[in-house]
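Inspection log for the structure reproduced underneath, given as structure tokens.
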Amino acid sequence: MTADILPDLAARGLIADTTNAEELGAALAAGNVPNYAGHDPTAASLHVGHLVPIVIQRRLQLAGHTPIAVVGGATGMIGDPSGRSAERNLLDRDTLAANVAGIRAQLGRLLDFDAGSAAAKLVNNADWFTGVSFLEFLRDVGKHVTINYMLAKDSVKSRLEQRDSGLSYTEFSYMLLQAWDFVVLSRDHGCRLQIGGSDQWGNITAGCELSRRLGGPQLWGLTAPLLLDASGQKMGKTSTGERVWLDPDQTTSYAFFQYFVNVEDAIAPSLLKKFSFRPLTELDEIIAEHDRDHAKRHCQRELARDITRWIHGEAGLATAERATAVMFGGSLADAKDADLAALAGVVGVTEIARGELEAGLGLIDLLVRAELCASKGEARRLITQGGVYVNNQRESAPDRKLDLSSMGTDSYVFLRSGKKNYRLLHVS
């Protein structure tokens with residue numbers, strides 16, 4: 001990684017704005033600048049929309065700067081109004097604790113916690129907010145920030161303009177809480193830089209200002225553009241409205257991989273630059289090949305490989321690529337249970353007792369049982385027409401029976417009828 005990191009981040013499309021860019025650039029070039037990004041535990045997993053600040057922190061870490069990941073065990077009880085049109089639901093303490101634990105585990109995989117002098121740190125802002133009384137906070141923090149200053153922030157103004165929902169005092173106070181996070185991290189961990197999405201600009205600059213008014217050190221802020229699709233909508237949801245989570249139990253490595261394989265041609269190059277850790281010169285070659293023939297989806301595939309490798313590791317990427325091959329008619333010779341299990345949420349599963357399969361089950365009956373055909377007559381016609389596949393091998397005999405030798409992996413048989421109708425038979 002280059003020591004002159006800001007131009008590299010800008011060339012990758014990762015900078016929307018910075019405070020005192022010249023000073024920040026000089027500080028980053030001179031030595032280790034500890035930096036933080038915060039994550040409120042509104043769910044037990046982070047999702048794709050959270051990745052941009054994390055990838056910036058990882059790039060800074062590779063350049064020798066210490067990343068600090070803050071899990072908002074305190075601020076998560078309130079909810080940040082920035083970029084939202086309505087107030088978040090308040091979480092109970094047990095749910096919040098479970099969410100904090102889930103996010104802690106994920107961040108431990110995305111940043112390097114054994115990187116010597118630049119080893120990542122993980123902290124919870126409940127550690128410094130718990131036990132602080134309302135009166136103490138007003139005295140030590142609130143008196144240093146004027147209402148006029150807070151009202152001028154876009155995140156506040158946009159909500160005040162909504163007469164139906166407005167902005168509760170609880171949410172209004174969030175800016176002060178995040179500003180105090182920055183001051184505490186500066187005091188206790190030498191943190192000088194806060195990173196967030198562009199909708200966090202008001203909160204970040206409030207922290208810089210609070211440090212100045214308290215006589216603290218110069219703090220800096222860096223925001224990244226929000227992750228948007230070609231239509232300008234926030235990324236991170238599938239076509240059916242489901243979140244693309246970083247937790248493999250909520251979004252499998254296959255589904256995660258496919259999400260990026262299927263991004264629009266118009267945004268694939270920019271996403272590749274943001275999320276790949278390869279040099280820009282190499283990425284430019286990939287993008288040039290992409291531009292020569294968009295139908296090959298070369299850029300999307302390299303993007304999907306790089307980001308899946310980072311989030312799910314080499315094993316997760318291998319599973320995603322083997323599952324993809326199976327879905328597109330590839331051989332099951334090297335497939336494992338995990339590869340087909342990754343497809344369960346996509347193709348559906350029919351349970352089969354091992355004893356049943358051992359005794360032999362007619363293919364026609366299985367097609368009806370797996371809901372791939374509405375009737376035995378339809379199943380017979382489809383088989384004779386060459387439209388039925390078992391483990392991606394065409395079957396043309398209507399009287400064919402499947403047994404244990406028909407297994408595609410130790411626990412699964414993969415059925416297909418027509419071009420796009422799939423079903424897993426789980427044998428247990």
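The values are calculated or read from the model by the stated rules, or taken from the named source; none is laboratory data. Everything numeric in this text was worked out from a predicted model, so none of it was measured. Neighbour counts run over all protein chains shown; Cβ positions are idealised from the backbone, glycine included.
Structure above, values below:
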read-out: Matching helices (runs of 4 or more DSSP H) fully within the stretch 337-428 where at least 1 residues are in the same structural domain as PRO248 (by TED's automatic domain parsing), in contact with a helix residue (DSSP H, G or I) (Cβ under 6 Å, 6 or more places away or on another chain) and farther than 20 Å from ALA323 by Cβ; value: none
read-out: Residue check, LEU404 buried (at least 16 other Cβ atoms within 10 Å of the Cβ) and not acidic (Asp, Glu); value: no
read-out: Test: residue in the stretch 311-324 that is under 27 Å from LEU9 (Cα atoms), among the basic types (Lys, Arg) and surrounded by 14 or more Cβ atoms within 10 Å (Cβ to Cβ); value: no
read-out: Residue that is more than 14 Å from the chain's Cα centre (by Cα) and either buried (at least 21 other Cβ atoms within 10 Å of the Cβ) or without any contact (Cβ under 8 Å) to a residue 40 or more places away in the chain (or both), where the choices are GLY31, GLY13; value: GLY31
read-out: ALA335 vs. criteria small (Gly, Ala, Ser), more than 23 Å from GLN57 (Cα to Cα), more than 21 Å from the chain's Cα centre (by Cα) and crowded, with 21+ Cβ neighbours inside 10 Å; value: yes
read-out: Residue within the stretch 293-311 that is closer than 27 Å to TRP201 by Cα and among the hydroxyl-bearing types (Ser, Thr, Tyr) present; value: no
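Here is a yes/no grid of residues against (1) in a loop (DSSP other than H, G, I, E, B); (2) closer than 20 Å to ASN125 by Cβ; (3) outside the structural domain of PRO34 (by TED's automatic domain parsing); (4) touching a residue at least 60 places away in the same chain (Cβ under 8 Å):
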residue	(1), (2), (3), (4)
TYR149	no, no, no, yes
LEU167	yes, no, no, yes
LEU176	no, yes, no, no
TRP201	no, yes, no, yes
THR240	yes, no, yes, no
